[in-house]
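Remarks on the structure that follows.
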C-alpha cells in the first residue's frame, strides 16, 4: 500500500469533497441503493453523511440473490466494495448479474474514489478516518466540511411549495 504524503492528501481533498458531495446527494434518492461489503463500511459512510439505502453484501445471501433484490428495488446501484482483490471480485460479480437487469450500475464512483485516495486505503471502512485526518491536516474540522456540502446541496435543490 502506498502512503500518500500530506501534500498528496491536500491535493486530493477538493476532488474527494466533490465526489463525496455527489455520493451524499445520490444516496438521498429513494431509487438509489449503495452496496458495501460489511457493517463497518456502512457505518463509515454514515459518519460522513451518506444515508439512504446502504445494503450490506455479506449477510449470508449469495451475490445473485442480492443482485435480484437490487434489480427489483432500485433504479441505480452504486457499488462501493473494498479496493482489494476480494472487493474487486465482488464488484465484478455484481456487474455480471446486474448488467442484464433494468438498473443503472455505477462502478465509476468506486473507481474514482480509488483514484482520489491514491492507494492509501484498501477498505471502505477506513474512509471516515481518512477524511477526518485529512481535514485535520487542513485545520478544518470534518464537521465544517460536511456542513458546507449540506449547504451546497440545499442550494442546488429545487424549492418546494
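Coordinate-derived values only; no laboratory data. Since the structure is predicted, the reported quantities are computational estimates derived from the model, not experimental observations. For neighbour counting, all protein chains shown are included, and Cβ atoms are generated from backbone atoms with ideal geometry for every residue, glycine included.
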In segment 95-106, is there at least one residue being surrounded by fewer than 18 Cβ atoms within 10 Å (Cβ to Cβ), in contact (Cβ under 8 Å) with a residue 40 or more places away in the chain and touching a helix residue (DSSP H, G or I) at 6+ places or on another chain (Cβ under 9 Å)?
no
Per the filter on segment 54-78, residues surrounded by fewer than 18 Cβ atoms within 10 Å (Cβ to Cβ) and within 18 Å of the chain's Cα centre (by Cα) are 55, 56, 58, 75, 76
Could you please give the count of residues in segment 119-161 that are more than 22 Å from residue 40 (Cβ to Cβ) and under 19 Å from the mean Cα position of the chain (by Cα)?
6
Would you please name the residue that is farthest from residue 141 (Cα to Cα), looking only at residues in segment 36-48 that are in contact with a helix residue (DSSP H, G or I) (Cβ under 6 Å, 6 or more places away or on another chain) and buried (at least 17 other Cβ atoms within 10 Å of the Cβ)?
36
For the list (1) surrounded by fewer than 18 Cβ atoms within 10 Å (Cβ to Cβ); (2) more than 17 Å from residue 24 (Cα to Cα); (3) under 15 Å from the mean Cα position of the chain (by Cα), I need the number of the one condition that residue 51 fails.
(2)
